[in-house]
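Peer 1: Got a structure for you, questions after.
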Amino acid sequence: MESKPNFFIVGAPKSGTTALFEYLSSHPQICMAAYKEPHYFADDMQGYGRAESLEEYLSFFSHCSDKALAVGEGSVWYLRSRNALRNIRDFSPDARIIIMLRNPIELVHSFHAQAMYSYIEDEADLEAAWNLQDLRRQGQRIPEGNQVVETLMYGDLGRLGEQVENALSIFPKEQVQIIFFEDFVADTLQAYRNTLSFLGVDQDERTDFPPVNEAKRHRFKWLGKATLQAPVPVVAAVRFVRKSTGMDPMRVVRAIRQWNTARQPKALLSDGFRRELAEYFQDDVRLLERLTERDLSHWLADP
């Protein structure tokens with residue numbers, strides 16, 4: 001019998017999704033997709049998905065046994081996508097949805113660094129990149145390596161209140177778990193245990209939660225670009241090998257990426273720009289406060 005995902009980590013980016021995916025992967029009653037970010041259901045963000053068909057998407061779960069009570073994946077753009085959550089509901093109405101949230105100022109700051117690392121952004125200064133959003137909406141000043149311009153709309157990315165409101169209009173509240181990044185960092189064990197309960201699996205003995213997906217840079221830029229932006233024929237060849245043999249050629253590529261990666265401290269935001277971001281996100285944060293019944297005023301306070 002073919003395994004089918006019944007829970008989804010839907011975002012937001014840079015809010016702990018990769019870490020949670022990795023931690024859940026080791027649980028004996030949980031099976032995670034072979035690829036963390038299939039993005040199959042975000043059909044309005046062409047260029048981000050790993051699967052061209054439902055059959056190929058489901059093949060990412062072919063390693064899951066019948067003993068897995070929870071089968072999941074994690075695609076960080078599902079929350080931001082216009083279509084993904086409705087597509088997921090149509091695919092699996094009873095699906096469990098995990099949303100991870102972070103102060104939008106920190107989120108945008110961290111994602112910009114990630115975008116630079118991934119070569120989908122070419123403006124190293126976040127304030128300058130922020131000011132390019134209008135031009136980029138018009139199709140101008142888009143980096144050569146970027147196939148999905150929505151990923152550079154930092155203001156839209158950080159409007160988490162609107163995104164959560166949309167999610168709760170599609171899925172009932174009891175099927176949605178919201179995890180705040182600050183809670184996840186402060187008490188990872190408790191957040192992990194809460195998630196196991198939400199997914200309906202047994203508690204395990206895990207107490208070790210090493211950092212995952214910290215800010216990073218490439219040791220050698222040319223090698224980073226080669227492994228992150230493979231030409232279309234190479235991508236097609238990888239897909240063919242995986243589909244016809246079941247082997248994963250990307251294992252070698254991922255090993256090279258890991259060797260070529262070093263930690264990178266984030267640049268500081270100026271006080272003026274930070275206040276600009278706080279003002280921009282203020283109304284949306286207030287909406288998120290109402291939706292989650294949580295005081296988030298510290299997100300907008302001066303550092």
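Peer 1: Can we say GLN163 is at pLDDT 95 or above, assigned to a helix (DSSP H, G or I), surrounded by 16 or more Cβ atoms within 10 Å (Cβ to Cβ) and within 16 Å of the chain's Cα centre (by Cα)?
Peer 2: yes
Peer 1: When SER3 is evaluated against the numbered criteria (1) farther than 19 Å from PHE91 by Cα; (2) of a type in the set (Ser, Thr, Tyr); (3) out of contact with any helix residue (DSSP H, G or I) (no Cβ under 7 Å at 6 or more places or on another chain), which criterion, by number, is the only one it fails?
Peer 2: (1)
Peer 1: From the set of residues in the stretch 54-78 that are open to solvent by 20 Å² or more (accessible area, probe 1.4 Å) and not hydrophobic (A, V, I, L, M, F, W, C), which is farthest from PHE198 (Cα to Cα)?
Peer 2: Among those residues, the one meeting the criterion is GLU55.
Peer 1: Let me ask something else. Which of the residues spanning the stretch 110-120 are part of a helix (DSSP H, G or I), in contact (Cβ under 8 Å) with a residue 40 or more places away in the chain and open to solvent by 30 Å² or more (accessible area, probe 1.4 Å)?
Peer 2: ALA113, GLN114
Peer 1: Using the structure shown, decide if SER81 is open to solvent by less than 10 Å² (accessible area, probe 1.4 Å) and either under 30 Å from GLY145 (Cα atoms) or modelled with pLDDT of 95 or more (or both).
Peer 2: When the stated conditions are applied, SER81 passes them.
Peer 1: With the condition kept exactly as written, say whether any residue in the stretch 228-235 is β-branched (Val, Ile, Thr) and modelled with pLDDT of 95 or more. Even if it seems obvious, please write down each step before you answer.
Peer 2: Of the residues in the stretch 228-235, the ones β-branched (Val, Ile, Thr) are 232, 234-235.
In the following step, the residues that additionally are modelled with pLDDT of 95 or more were identified as none.
No: the stretch 228-235 contains no residue that is β-branched (Val, Ile, Thr) and modelled with pLDDT of 95 or more.
Peer 1: When only residues in the stretch 72-95 that are among the polar types (S, T, N, Q) and assigned to a loop (DSSP other than H, G, I, E, B) count, which is nearest to GLU22 (Cα to Cα)? Quick ask: steps written out before the conclusion?
Peer 2: Let us first name the residues in the stretch 72-95 that are among the polar types (S, T, N, Q), namely 75, 81, 83, 87, 92.
Filter again for assigned to a loop (DSSP other than H, G, I, E, B), leaving 75, 81, 83, 92.
Working: SER75: 13, SER81: 23, ASN83: 26, SER92: 23 Å.
Out of the qualifying residues, it is SER75.
Peer 1: Would you be able to tell me the number of residues in the stretch 147-160 that are at pLDDT below 95 and open to solvent by 20 Å² or more (accessible area, probe 1.4 Å)?
Peer 2: The qualifying residues number 3.
Peer 1: Which of the residues that make up the stretch 1-33 are open to solvent by less than 10 Å² (accessible area, probe 1.4 Å) and at positive phi?
Peer 2: GLY11
Peer 1: Given GLU276, GLU293, which one is among the charged types (D, E, K, R), at pLDDT 95 or above and closer than 18 Å to GLY158 by Cα?
Peer 2: Going through GLU276, GLU293 in turn, just one is among the charged types (D, E, K, R), at pLDDT 95 or above and closer than 18 Å to GLY158 by Cα: GLU276.
Peer 1: Of all residues in the stretch 191-207 being of a type outside the set (Gly, Ala, Ser), closer than 13 Å to ILE179 by Cβ and touching a strand residue (DSSP E or B) at 6+ places or on another chain (Cβ under 7 Å), which is least open to solvent (accessible area, probe 1.4 Å)?
Peer 2: THR195
Peer 1: Continuing with the same structure: All but one of (1) at pLDDT below 95; (2) assigned to a helix (DSSP H, G or I) hold for LEU168; state the number of the condition that does not hold.
Peer 2: The one condition LEU168 does not meet is (1).
Peer 1: If you go through the stretch 171-195 one residue at a time, how many are more than 18 Å from the chain's Cα centre (by Cα) and not in a helix (DSSP H, G or I)?
Peer 2: Here the count works out to 3.
Peer 1: Please find, among LEU107, LEU101, the residue that is modelled with pLDDT of 95 or more and out of contact with any Lys or Arg (no Cβ under 9 Å at 6 or more places or on another chain).
Peer 2: Details: LEU107 fails: out of contact with any Lys or Arg (no Cβ under 9 Å at 6 or more places or on another chain).
The match here is LEU101.
Peer 1: Any idea which of PRO210, PRO104, PRO143 is within 27 Å of GLY47 (Cα to Cα), more than 17 Å from the chain's Cα centre (by Cα) and either open to solvent by 50 Å² or more (accessible area, probe 1.4 Å) or of a type outside the set (Asp, Glu) (or both)?
Peer 2: Only one candidate passes the filter, namely PRO143.
Peer 1: Consider ASN146 against the criteria (1) touching a residue at least 40 places away in the same chain (Cβ under 8 Å); (2) touching a helix residue (DSSP H, G or I) at 6+ places or on another chain (Cβ under 8 Å): it satisfies all of them except one. Which criterion is unmet?
Peer 2: Checking ASN146 against (1) touching a residue at least 40 places away in the same chain (Cβ under 8 Å); (2) touching a helix residue (DSSP H, G or I) at 6+ places or on another chain (Cβ under 8 Å), the one that fails is (1).
The values are calculated or read from the model by the stated rules, or taken from the named source; none is laboratory data. Given the structure is predicted, the values throughout are model-derived calculations rather than measurements. Don't worry about glycine lacking a Cβ; one is built from the backbone with ideal geometry, like all the others, and counts go over all protein chains shown. For accessibility, only protein heavy atoms count, side chains too; no ligands or nucleic acids. Shrake-Rupley method; radii C 1.70, N 1.55, O 1.52, S 1.80 Å.
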